[in-house]
Amino acid sequence: MKNCSEKNKEHSNCSIRHILDRFGDKWSILIISILGHLGKQRFNELNQQIGDISQKMLTVTLRSLEADGLISRKLYPEIPPRVEYELTDLGRSLLPHIERLAEWAAQHMDCILKNRADYAQSKTG
């Protein structure tokens, strides 16, 4: 594995940076989780599941996930056209890691929120 923290090294090929760039956005992990738990979804079904995402942002995020090979897009030649999205094998291999991160977050959220409040208090008091 390439050591991405070495000084004066080229960071553009650092694998963890590429991954965090993808999942650092607001929607990618949520979309992968939805597709992992609900299976194939149409665009409007995903939009309804998420609720507060714009159609443009959903489109951009789906295209990015498709470009990374994490989801597949299938267009059915119907009137009106039907498009379904689902996880690829690569996307499914990521799902357990996302679930573990979600479990960790749920277990530690109270502590993190308390630490944030303590920190904010120490900076104002």
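Only the coordinates and a few stated rules stand behind these numbers; no lab work does. This one's a predicted model, so the numbers in the text were calculated from it and none came from an experiment. Note: ideal-geometry Cβ built from the backbone for every residue, glycine included; neighbour counts use all protein chains shown.
One table, with the values for the structure above:
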| quantity | calculated |
| --- | --- |
| Size descriptor, Kirkwood hydrodynamic radius, that averages inverse alpha-carbon separations across the range 15-124, Å | 15.7 |
| Hits among aspartates and glutamates - C-alpha to C-alpha of LYS56 under 18 Å, sequence gap 8 or more where chains match | ASP25, GLU45, GLU66, GLU84 |
| Positive minus negative residues near GLN41 (Lys, Arg vs Asp, Glu; Cβ under 14 Å) | +1 |
| Other-chain or far-sequence residues with amide H under 5 Å of ILE71's (modelled H) | GLU66, THR88 |
| With at most 11 other Cβ atoms within 10 Å, longest stretch of the chain clear of loop GluC sites (Glu not before Pro) (DSSP) | 11-77 |
| For the range 71-87, Karplus couplings with θ = phi - 60° (6.51, -1.76, 1.60), whole Hz, Gly/Pro x | 10, 10, 10, 10, 9, 9, x, 10, 10, x, x, 10, 10, 10, 10, 8, 5 |
